[in-house]
Amino acid sequence: MDLLRFFVKPKKDDLFNKFPDGVLIVSLEGKILDANIKALEMFKTSKIDMFGRFFSAFVEGGSNLLNKIVLQKKPLISKAKVNNSSEDFYFEISAVRDTLEQKVYVTLRDVTHNYKMQNMVNGQFEIARNIIDEKNSYLVNISGEILSSIATIEGFSRALSDGVGGVLVDKQMKYVHIINKNARELTSDLEKLFTIFRLESNLYQFDFRNFDLVNLLNAIVRYYEPLFLKKKMLFEYNFSSLASRSCFLDQSVFEYVLKNILDVFLLNSQVGRVTISAGNPPVAFLESHDFDGKCSQDGSSYVLFEIKASELYFDEDELQTIFDPYFYTNKNKRPINIKLSFVLMKKFIKHFRGDIWVYSKPAFGTMISFVVPVERR
């Protein structure tokens, strides 16, 4: 309803009092001239106590607040002074000015409960966020000490297996090998976990620069070819469709992401085929995934990677939470290292302003696809 028009055309008093919100009529000097029953109830006062007094006696901000609401043409929330109440009240206030009548028509709505609840939620969120930031920073700062202790265990166990402490019998050698293996796996898990904490605390230092993408991909392939060959797995790759060799990213992080994917496939597949391909995605693909494909007519500003393992399978439940760092279930008994690897892939690629997807079906295997920009932005 147009409140100004209502008062320009006088209505009966009973209609004035039927408004669901409190209504005040205020002079341009800020004095209250009239109020409906709802407004009186909201302030717990009477016409005798209210009429002729300034608006500022009841609402913080007074005439300045009303002027701001009139100029901005949108409601604001302010603290109200309710008679004989020690509790804080908050009213949502709207106002329109009638210059001809020299009056301001004001509506009031009690939003005390919602306002306090919102402030409480915001306050609790800030407290929780500060605790998380402090916790992550603390863990990052002590990560060196923890990893150093585990490195000592790994080093001494390796030295024992090499005979530094004397010849070990078969049973002793077996236990030492178990200690060494567990120490190495724990080190890998903790390094990834501390990297996640470092990223969440904004303490990770990136080093963006230009590098030759194809040279890096060929170096990674040369490293992994003998590892897949040792497991008698086929390892195929194709980078021929890349339109450009130049890439502007953090090279070490980009290499880390690719190696994480290949490590997951290598360590969790015993047979089958692993393929890796890279090329520039079609503009239609970029636009369908909310990327700015128009920055180049052929999509050469981005590179799309598709890495597939034919015999590795993740079920639907795993896929739904595979990038969630703090969702854990022991249902499938997969090593935690896999979970941490996927979390880091997502966080790094998102930092590159890219995106990543995982597809997995029993007869298909698993394919990890990700797209990243290759030009400076």
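The values are calculated or read from the model by the stated rules, or taken from the named source; none is laboratory data. Given the structure is predicted, the values throughout are model-derived calculations rather than measurements. All Cβ positions, glycine included, derive from the backbone under ideal geometry; neighbour counts span all protein chains shown. Each accessible area value is taken on the protein alone, full model and side chains, heavy atoms only, with ligands, DNA and RNA left out. Shrake-Rupley method; radii C 1.70, N 1.55, O 1.52, S 1.80 Å.
For region 87-94, indicate whether the set of residues that are open to solvent by less than 20 Å² (accessible area, probe 1.4 Å) and either under 37 Å from the mean Cα position of the chain (by Cα) or at pLDDT 90 or above (or both) is non-empty. There is at least one residue in region 87-94 that is open to solvent by less than 20 Å² (accessible area, probe 1.4 Å) and either under 37 Å from the mean Cα position of the chain (by Cα) or at pLDDT 90 or above (or both). Among the residues of region 355-377, just one is free of Cβ contacts under 8 Å to residues at least 40 places away in the same chain and crowded, with 17+ Cβ neighbours inside 10 Å, namely 356. Among the residues of region 179-215 satisfying the criterion of being outside any helix (DSSP H, G or I) and touching a Lys or Arg at 6+ places or on another chain (Cβ under 6 Å), which is modelled with the lowest pLDDT? If we take residues in region 179-215 being outside any helix (DSSP H, G or I) and touching a Lys or Arg at 6+ places or on another chain (Cβ under 6 Å), then 204 is modelled with the lowest pLDDT. For residues in region 281-322 being in contact with a Leu (Cβ under 9 Å, 6 or more places away or on another chain), open to solvent by less than 10 Å² (accessible area, probe 1.4 Å) and part of a loop (DSSP other than H, G, I, E, B), which is modelled with the lowest pLDDT? Only one residue fits best here, namely 299.
Of all residues in region 58-72, those being of a type outside the set (A, V, I, L, M) and either farther than 15 Å from residue 89 by Cα or not in a loop (DSSP other than H, G, I, E, B) (or both) number 6. Residues in region 152-172 that are assigned to a helix (DSSP H, G or I) and open to solvent by 50 Å² or more (accessible area, probe 1.4 Å) were compared, and the one that is nearest to residue 335 (Cα to Cα) is 153.
Criterion first (closer than 30 Å to residue 302 by Cβ, open to solvent by 60 Å² or more (accessible area, probe 1.4 Å) and at pLDDT 85 or above) does residue 223 satisfy it? When the stated conditions are applied, residue 223 passes them.
Close Cβ contacts (under 6 Å, 6 or more residues apart or on different chains) running from residues in region 21-33 that are under 14 Å from residue 67 (Cα atoms) to residues that are among the β-branched types (Val, Ile, Thr) comprise 26/32; 26/104; 26/106. Only one entry in 69, 48 is of a type in the set (Val, Ile, Thr) and closer than 24 Å to residue 114 by Cα, namely 69.
Can you confirm whether residue 41 is among the charged types (D, E, K, R), within 20 Å of residue 20 (Cα to Cα) and assigned to a helix (DSSP H, G or I)? So residue 41 passes the test. When 141, 84 are checked against the criterion of being under 30 Å from residue 25 (Cα atoms) and among the polar types (S, T, N, Q), 84 stands alone in meeting it. Quick one: residue 359 ticks every box in (1) modelled with pLDDT of 85 or more; (2) in a helix (DSSP H, G or I) except a single one, so which number is it? Failing condition for residue 359: (2). Against the test of being assigned to a loop (DSSP other than H, G, I, E, B), at pLDDT below 90, among the polar types (S, T, N, Q) and farther than 20 Å from residue 249 by Cβ, the options 330, 337 yield a single qualifying residue, 330. Cβ separations smaller than 7 Å between residues 6+ apart or across chains give the following pairs from region 145-157 residues that are more than 13 Å from residue 188 (Cβ to Cβ) to residues that are open to solvent by 40 Å² or more (accessible area, probe 1.4 Å): 153/179; 157/179.
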